[in-house]
Each structure stands twice: as structure tokens, then as C-alpha cells.
Amino acid sequence: MTQAAPPLPDVLAGPLLRRLAPERLTLWLVASQPLELALMLHPAGLPPRRLPLGEERLQRIPVGRHAWLHLIDVSLATPLPTGTPIDYDLKIVADTTERGIAEWAPHLLHEGASYPRFVLAEHHHRLLHGSCRKPHHDGPDGLAHADGWLAERHRQPQEWPAWLLLTGDQIYADDVAGPMLVAIHALIARLGLFDEELEGATVPDSQALYRDAATYYRREALLPDTESGTALRERFFGGVRKPVFTTANAHNHLISFAEIIAMYLLVWSPVPWRLIETNPPSLDGEDHQRFLDEQAIIERFVADLPACARLLAHLPTLMIFDDHDVTDDWNLTADWEQIAYGHPFSRRIIGNALLAYLLCQGWGNDPDRMAELTTRSAALMERASQNEGRLPFEEQNALLQQVLRFQGWEYRIPGTPPLLVLDTRTRRWRSERHPSRPSGLMDWEALIELQEGMLDAPSAIIVSPAPMFGVKLIEAVQRLFTLAGKPLVVDAENWMAHRGAASVMLNIFRHSRTPGNYVILSGDVHYSFAYDIELRHRRSGPRLWQITSSGIKNAFPDTLLDWFDRLNRWLYAPRSPLNWFTKRRRLVIHPRDPDRAKAGERLWNGSGIGIVDFDDKGCPSDIRYLDARGFEVRFPPARISK
């Protein structure tokens, strides 16, 4: 007789602290059933507060028979204090019993603590920021290292960052290790995540997808064998070696909505891993060895998950997508969009990833702005609950179409200085004359909205997933491939790749009513750097800083980055004529040298997370990188010769 599986725990992932303010708290978690909850707050030096979570404060959306997303959204008549520790607890209420976090998620507590806690900052005085967390990158996890850093400051609330900013590629939907995909399928079965019908593929539905012999390392075989299918195969499952940059391993690209939801659970929480087994499937010799190699890395990733989950339960966290949250080169060119959205199967792949982003990331950034989409999503998921766990085909397509057309992923966090988080993926400035060339990262209308959001503010922090000011040599290489008609080969995604977007963006910085101090926080590129930037022929302002932190668990090939770094210094020295062939010739850029770098190096390579301190004028007073290998790297101010 087969032994019955043990009961599922109540909470599968979370809580994650999302958008927090003295008068409003937003938390996100996933449970195995709809829970009755109460939120307890224990501000230091003040009486505790108990907040029952009724329907107006707690929204639940099923994504499987045993998986429910919960968004806690509490408005407070009496604001919470700033700058002081606030311990909190989530009580699971059942009949006459209540169980707190210490009982159902003890891994979320720092040593010696009875509760997790948060600190509401009065100003944006310090920010943690990073991007690109790939589970099977063979390196340490920057989130786990940041948890240790925070634990050392557990009793120093003034040292806590105002926000943790995750600036793109929180998951890699397009680059998945074999063991991770096995875990995803095991978790789908364990939780009964919803099935769906697939159109335009060689498999009819998600269950057939999971059973198919090509589901591991061979997903390109699931595309229809047509001329259109060949183009799609190149876009989604090419797996070709990309000259200059890296290898695109898309053969395990996530496809179904359930796969992507399972991925989020598995990268944010250790709990789902305790419910499943990840034995190797039947694979040929080469893929079998690759699976075993990846399995060792994934096991180390899982070992760090309690620390990562603890960090997310202590710091309010803001997120924005980049391409790997959906698919590599997402919306890179107008041609790409025409092919990808013109076929039902690829449109479903993109739509499923964006719907999962909405529910797992976007919802907590700005619940009010996402309300219409989340309400429609809840209705679709309720229909699936009543339909034997299967998403209604036409209704799913209609919702995905609305999600794909949505304009409103960007958001603004009030404060000193204000924080503006950009959508550089879905509001692109497409080239009508040359649809095969890279689109601008934001269109004219989106850029004007950005400018209007900063008028008359003395300073601003801008989150742009891709750096606005990057490494000139790499941008030049990308331009050469673009002129050769091959922008997809080198991920030619930079602000300067599109003349119109670059011009408008530079003009925004020159506008007399926009801030005197801009700090741009970015990720994407898998290395870290900092620039001080001035406008030529301007005696007073504005001052700009480009600060890039990437990746949390990813890195650039060492030797290749060293060569780029050295060649860039030689070819684009201050007096080099090459500077006058770039779109940034109206700027003077002063790179900051990392204090641990070898002589002359300006790019830092290694997994970790960035930290920036701000003075009362919104200028960066200290720029550091918490390298996950166990040390700090400082970027002292550039030496500017007069």
C-alpha cells in the first residue's frame, strides 16, 4: 500500500514585506488553503496592536487546489512610528487556536528573536539594490549574504535600509536548470496547480507538456514544425552561444502558468523543497551528467533559502521586471514583437509569465494600480477551481491579452528623495523604419511622464533595470551587431541604442525644472560599477550618478570582462576621439574605481548586492557592494582633475 503524503503546511512561502508606509502595510504570502489571519504589531516603546484581517484587508486568489496567494493590505488610522523597530506576527486563526510565525516559520526569525521585524524609514537614507538571481549560477547568493549583514545590525534600526530594491530578473523563466524543472513539476503535482490548454504547440495541454519526452532539455521540439515555428524556436529555445556575452540556455524554458508560479515558490521559500523529491528523470548521457552537475549547485541554493526568506520578511521590498522574468530579449525589436505575439503558443508563454509577475511581484508594488487586473485574475482562478483545476481557455486568453496591453507597471514611491521605478520593457519606442533594430527602452510618452513626475523636485532616485550610462565599448560592440542586422546575438539593450530615446532622456536631465541631483540605480549586466556624471558647459548642475549592482546570484565571465574593462579604458580615455562618436558626448563621465580592484579596474565582478547611502540633498554619500564571498567593496568618489 502506498503511504499517504504528509499534510501540507499552512504557509508555503512568505510573508514577504512589500510596500510599507506608516499609514499602510502590504504583505504577500502563499498558503496551502485560504487562511484566517490576524496581524500583530509591536512597535518599540508602544502598546501592541492587533489587526484582524477581514475581506477588506485580505485578498485571496487560488492558483491550485492547495495553493492560495494572500495579499494583506492594511490601512492604518493611526500611523506607525518611523525609525524604530516594529516587531510583527501573523497569527493563523483556526477555531479557538492561534499559531504565530515562531511556530509555523521559525526560519524567519533572527537568532534570539521572538518575532520578525521591520523599520519604517523617515527618509530614503539607505537602499539595498540588486538584480539577476539565477539559482543554478555556481556562486553564493547575495540575498543570503545580505541577511547576515542585516542580522549584525538587528538592534541598530538606524542602520537598516529604507528599501530592498530588486531591479530585474527575480526569476529566470527562460534559463532553468534540469533539477529545478523537475522540482517545479513535482510541486505542481503536490499542490495541484492549475492546468491549461495549449494552442499552437505539439502538445495539447500542460499535463501532456509535463509528460512529454522533450520536456527536459528539449523543449524546442514542442514548437510546430512550420516556418513560423522555426522563427519562434530561434527566439525562445535557440540555446545558441551568443558571441561576446554568454550562453543562452533556453531548452528548459518555462511555458505554463503553473510552472512559473511553482518557480516563484521555489526561489523564495525553503518550505516547498521539503514537500518534494527531485530524482533525475530518464536522460541521455550528456544531459544526465549536466543534470547531476546542476543538482549540486541547486542543493547549495536551497541551503541558503532560509536566509533569503528571512531577509524578505524583514525588509520592505520593491520589484520590477526585466527580460528574464519573462523571456530573453523580451520586446527587443519591433520584429521580435511581431513574431512573438503573432503566434498563439509564444503569446501564451509571454502572457503566462507576465500574469505570474502581476500576482507575485507587481501586486505588492502598487495594489491600487493593479486592482482591475488582480480582480479579473481572481475571477479566472475561481473559475478554474470550479472546473476541475483547469483554466478556461477563452477566458485565460482574454485576461492575458489585457495583461499584455496593460500600461502601468511603473510606479512612484513618495519620499525624500522620491523614488521612480521605470518600466523599460512594455512601453518601448519602436523603430518604424528599421523594425529589426533595437527599440528605445521607453517611448516618448513614457519619458515625458517621467519628466513630469520629477518637476521641481530637488533630487530623485530613478530605478532603470538597464543602466542609462553603461560601458561604452560594450555598447559599441552591440551597435556593430545591430548594424549587421543581429541585435539579438548580443542583447543590444541599452539606452543609447535608440537615437530618439537617448536624446529625450538626455534632454530631461538638462531641463531647468527637473532635479539638480539624479541617482540612477540599475542592474541587468552581471557586473557592478559607479559613475559620477556632469554635463559639459554647465557651471551649475545637474549632477548625476549611475550606480549599477548586478548580479545577486550571477556574474560575467571573468576573463572576458577583464578584457572589456581594459580595452574600454584605452579606447575611451578622456582625450580619445572615440568619445565624440558616442551619443553621450555632452556628458563628462568619471568612473569610480572599486577599492578592492586591481590597478585601473572599474568593473566589479561577483555575486552580491549593492548598498547606497544618501545625504540630506539626495546625493550618494557612500556606495558599496556587499560581495557574497564575504567582504565589502567600496566605490570612493572619482578623482577629478581640474
*Of all residues in the range 101-118 being of a type in the set (A, V, I, L, M) and either open to solvent by 10 Å² or more (accessible area, probe 1.4 Å) or at pLDDT below 95 (or both), the one that is farthest from Leu16 (Cα to Cα)*: Ala113
*Run down Asp328, Asp335 and say which single residue is under 25 Å from Ser436 (Cα atoms), touching a residue at least 12 places away in the same chain (Cβ under 8 Å), open to solvent by 10 Å² or more (accessible area, probe 1.4 Å) and not in a helix (DSSP H, G or I).*
Asp328
*Go through the residues of the range 51-58 one by one and say whether even a single one is touching a residue at least 24 places away in the same chain (Cβ under 8 Å), open to solvent by 30 Å² or more (accessible area, probe 1.4 Å) and among the basic types (Lys, Arg).*
no
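Against the definition (over 27 Å from Thr26 (Cα atoms), hydroxyl-bearing (Ser, Thr, Tyr) and either without any contact (Cβ under 8 Å) to a residue 40 or more places away in the chain or surrounded by 21 or more Cβ atoms within 10 Å (Cβ to Cβ) (or both)), how does Ser439 come out, yes or no? Can you show your working first?
Values: over 27 Å from Thr26 (Cα atoms): yes; hydroxyl-bearing (Ser, Thr, Tyr): yes; either without any contact (Cβ under 8 Å) to a residue 40 or more places away in the chain or surrounded by 21 or more Cβ atoms within 10 Å (Cβ to Cβ) (or both): yes.
Yes, satisfied.
Would you check which residues across the range 275-298 are touching a residue at least 40 places away in the same chain (Cβ under 8 Å) and part of a helix (DSSP H, G or I) and list them?
The initial filter retains those residues of the range 275-298 that are touching a residue at least 40 places away in the same chain (Cβ under 8 Å), namely 275-281, 283, 287, 290-291, 294-295, 297-298.
Scanning the range 275-298 gives Leu275, Asp287, Arg290, Phe291, Glu294, Gln295, Ile297, Ile298.
Confirm whether Arg126 is open to solvent by 10 Å² or more (accessible area, probe 1.4 Å) and either in contact with a Pro (Cβ under 7 Å, 6 or more places away or on another chain) or acidic (Asp, Glu) (or both).
Values: open to solvent by 10 Å² or more (accessible area, probe 1.4 Å): yes; either in contact with a Pro (Cβ under 7 Å, 6 or more places away or on another chain) or acidic (Asp, Glu) (or both): yes.
Considered against the rule, which asks whether it is open to solvent by 10 Å² or more (accessible area, probe 1.4 Å) and either in contact with a Pro (Cβ under 7 Å, 6 or more places away or on another chain) or acidic (Asp, Glu) (or both), Arg126 comes out as yes.
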_Count - residues of the range 368-387 that are open to solvent by 40 Å² or more (accessible area, probe 1.4 Å), hydroxyl-bearing (Ser, Thr, Tyr) and out of contact with any Pro (no Cβ under 6 Å at 6 or more places or on another chain)_ = 1
*asked:* Suppose we filter Arg241, Arg211 for residues that are open to solvent by 40 Å² or more (accessible area, probe 1.4 Å), farther than 15 Å from Ala177 by Cβ, among the basic types (Lys, Arg) and at pLDDT 95 or above; which single one remains?
replied: Arg211
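For (1) more than 16 Å from Gly618 (Cβ to Cβ); (2) buried (at least 21 other Cβ atoms within 10 Å of the Cβ); (3) not aromatic (Phe, Trp, Tyr), each residue gets a yes or a no:
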| position | (1), (2), (3) |
| --- | --- |
| Arg510 | yes, no, yes |
| Phe529 | yes, yes, no |
| Glu534 | yes, no, yes |
| Ile552 | yes, yes, yes |
| Leu561 | yes, no, yes |
| Phe564 | yes, no, no |
*Among the residues of the range 3-39, which ones are over 19 Å from Leu108 (Cβ atoms), hydrophobic (A, V, I, L, M, F, W, C) and open to solvent by less than 60 Å² (accessible area, probe 1.4 Å)?*
Ala21
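The values are calculated or read from the model by the stated rules, or taken from the named source; none is laboratory data. Keep in mind that this is a model prediction, so the values were computed, not measured. Neighbour counts are summed over all protein chains in view; Cβ atoms, including those assigned to glycine, are modelled from backbone coordinates with ideal geometry. Please note that ligands, DNA and RNA were not included when accessible areas were found on the heavy atoms of the full protein model with its side chains. Shrake-Rupley method; radii C 1.70, N 1.55, O 1.52, S 1.80 Å.
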